[in-house]
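> Pasting a structure here, questions to come.
The values are calculated or read from the model by the stated rules, or taken from the named source; none is laboratory data. Quantities reported herein were computed from a predicted structural model and do not represent experimental measurements. Ideal geometry is used to build each Cβ from the backbone, glycine not excepted, and the neighbour counts take in all protein chains shown. Just the protein is used for accessible areas: all its heavy atoms, side chains included, with ligands, DNA and RNA removed. Shrake-Rupley method; radii C 1.70, N 1.55, O 1.52, S 1.80 Å.
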Amino acid sequence: MVYFYNLTNGLEIADIKKYPHFTRIQSSHIEGKAWNHLFEQLSDELLFYLAIGEECVIVDASTKPLRSSIARIGMPVIIYVLSRVWLKEKPKLEMLDVKYLEKIYRSLNRSTRNKLKYYRKFLLTNKIRLNCFIGFTKRDGRYDFFKKRIQEQKDGA
């Protein structure tokens with residue numbers, strides 16, 4: 001299992017020495033339906049690990065974890081689109097309507113699809129194994145806190 005901390009709030013939970021993997025999934029892209037931006041910002045490392053069949057967990061924090069758009073919408077969209085591009089399948093996901101997911105897939109521009117298609121050459125799986133863990137934070141947007149936390153871990157404190 002490979003853990004990816006979502007920048008920025010995921011840093012509150014991060015153990016950067018033990019699990020030094022990061023990605024950026026912005027809830028504003030999900031809420032604004034900016035699907036190309038969502039996929040363009042996914043880290044290459046995350047896409048590579050998913051393509052070779054590793055189970056990947058996105059770790060994030062939110063002031064309202066049960067209402068996290070990353071967990072409720074982002075994860076199903078990513079799973080669906082990667083399944084369509086890599087596996088040529090239309091998985092049925094409980095969280096979102098397949099017609100809506102297909103509309104998202106069809107809305108992606110050529111550049112985004114090409115980025116995702118690149119990883120098909122490494123494909124060693126028949127299932128996209130992506131999950132997430134959303135913790136609670138009161139420090140949303142507190143970059144001073146996150147920077148201090150990173151410095152403490154870097155210094156070994």
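> For the range 55-70, indicate whether the set of residues that are open to solvent by less than 10 Å² (accessible area, probe 1.4 Å), within 17 Å of F122 (Cα to Cα) and either touching a strand residue (DSSP E or B) at 6+ places or on another chain (Cβ under 6 Å) or of a type in the set (A, V, I, L, M) (or both) is non-empty.
Scanning the range 55-70 turns up at least one residue that is open to solvent by less than 10 Å² (accessible area, probe 1.4 Å), within 17 Å of F122 (Cα to Cα) and either touching a strand residue (DSSP E or B) at 6+ places or on another chain (Cβ under 6 Å) or of a type in the set (A, V, I, L, M) (or both).
> From the list K147, K121, which residue is open to solvent by 70 Å² or more (accessible area, probe 1.4 Å), without any contact (Cβ under 8 Å) to a residue 12 or more places away in the chain, within 27 Å of I16 (Cα to Cα) and assigned to a helix (DSSP H, G or I)?
Testing whether each residue is open to solvent by 70 Å² or more (accessible area, probe 1.4 Å), without any contact (Cβ under 8 Å) to a residue 12 or more places away in the chain, within 27 Å of I16 (Cα to Cα) and assigned to a helix (DSSP H, G or I) leaves just K147.
> Give the range 7-31 a look and list any residue that's assigned to a loop (DSSP other than H, G, I, E, B), at pLDDT 90 or above and closer than 15 Å to T63 by Cα, or say none.
Q26, the sole residue that qualifies.
> Can you tell me how many residues within the range 46-65 are out of contact with any Leu (no Cβ under 8 Å at 6 or more places or on another chain) and either of a type in the set (G, A, S) or free of Cβ contacts under 8 Å to residues at least 40 places away in the same chain (or both)?
3
> I've got another one for you. Mind listing whichever residues of the range 57-71 are assigned to a helix (DSSP H, G or I) and at pLDDT 90 or above?
Start the filter on the range 57-71 by keeping residues that are assigned to a helix (DSSP H, G or I), which leaves 65-67, 69-71.
Scanning the range 57-71 gives S69, I70, A71.
> For the range 41-54, give me the residue count where each residue is open to solvent by 10 Å² or more (accessible area, probe 1.4 Å) and assigned to a loop (DSSP other than H, G, I, E, B).
4
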